[in-house]
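Nothing in this text is a laboratory measurement; each read-out follows from the coordinates by a stated rule. What you see is a predicted model; the values in this text were computed from it and never measured. Every residue, glycine among them, receives a Cβ derived from its backbone with ideal geometry; neighbour counts consider all protein chains shown.
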Amino acid sequence: MPVRIENQTCYFKVNEDGQEHSLQAADVTVSTDIPKAMSYVQLDADRVYITEQEADALTVAGAIDGRQHKKVTEPGSAI
């Protein structure tokens, strides 16, 4: 899991060495990469792709939910 949350502080694993980037949940926006049909968080110049479970946990902790939920019947849906 590249994300852990403690007391509304979010820690994102940014490399294989275990280095983490931390932000307050209120400063995090969860977005959607439509072509990949995946959620991500933008950290400086890097995108950290996350699971929907992690995205939900971030929003519960106070992150902004900027995801675009597509339905099968909507144009541009990856489903």
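Cβ crowding within 10 Å ranks V60, V14 as V60, V14, fewest other Cβ atoms first. Specify which labelled value, from (1) 1.55; (2) 1.66; (3) 1.12, agrees with Cα Rg over 2.2 N^0.38 Å derived from the coordinates of the model shown. Identified label for the calculated read-out: (3).
Just checking the listed ones, A63, A25, A45: in the Gaussian network model of the chain with Cα springs under 10 Å, the one fluctuating most is A45. For the chain, adding -39500 (n - 2.57) for each run of n ≥ 4 DSSP H residues and dividing by the number of residues yields -3500 deg cm²/dmol at 222 nm.
Pick from I34, I64, I50: which is most flexible by mean-square fluctuation in a GNM of the chain where alpha carbon atoms under 10 Å apart are linked? Ranking I34, I64, I50 by mean-square fluctuation puts I34 first.
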